[in-house]
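One structure is given here, and the rest of the page talks about it.
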Amino acid sequence: MKTLITFVEMKGSNSLFSYVVRLIGRSFIPFSFIFTLIAILVAAPAFAQTVWTDWTSFTAGAPGSAAGTLNGVAVTYAGEVDGAVTNGTAANWAPNSSFIGGTVTTSPSTVGDIIFLNGSFTGTDTITFASPIVDPVFAIWSLGAPGIPASFTFSLTPTFEVGGPNAQFGGTPITVSGNVVSGNEGNGVVQFTGTFATISWTTTFENFYGFAVGTAEGSPSASVPEPSTLLLLASGLAGLGGVAWRRNRRG
């Protein structure tokens, strides 16, 4: 099973399908069995696509609030809101190359929303998901400025996924140290590995920066098949191998 899992991770279902075809060519296998195995292969998760929160309303303030949805899950935000774009017209998430990389497959520009902060709020900012989200990702735009660093201190430990300049002010990738994400005109995306119902943080002042939140498992598919799918697949391949072995012995 360990060898099969490694093979799936490295080669994907297309190579598995080719392997099955080779076995079929060497064996007499009932069509019903073949169709069942093909159905398992087709149903196996393929590749997760990152999706981003569609913010639908906000109230500016310190604290303020915002609400939206993420892949069908209601999302609420309580904390500093210096302003926001909730109609899909935010041009901040450019170039896309600064926000796509690592586990992140799409830029926040696909939704085009952003919530702005300036870091003057002394309380805690919190995003709450109505249902826990797996491996949420957090995009940051224009954090700090040349000579004026700014930071997010999160309640969770993030990992850096991608970063680079933004189209409006330039800049560099954000940096991560422990639970702190910093920037001097920093841009990029971090990920929180695990399943979470909330993400909280505090910020430092720098006049104007923004964020978006998404999930690295935004579609029902995943980059590696579920264990149950692997078990079905292993059973099917074992059956094919057994049929081929018996046929070869008779020959």
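Restricting attention to segment 168-209 and to residues that are among the aliphatic types (A, V, I, L, M), in a strand (DSSP E or B) and touching a Leu at 6+ places or on another chain (Cβ under 9 Å), the residue that is surrounded by the fewest Cβ atoms within 10 Å (Cβ to Cβ) turns out to be 199. Against the list (1) more than 22 Å from the chain's Cα centre (by Cα); (2) modelled with pLDDT under 55, the condition residue 221 fails is (1). Has segment 116-129 got any residue that is among the aliphatic types (A, V, I, L, M) and surrounded by fewer than 17 Cβ atoms within 10 Å (Cβ to Cβ)? No, the conditions are met nowhere in segment 116-129.
The values are calculated or read from the model by the stated rules, or taken from the named source; none is laboratory data. Just so it is clear, the structure is predicted and the values come from calculations on it, not from any experiment. Cβ sites come from the backbone with ideal geometry, for glycine too, and all protein chains shown count toward neighbours.
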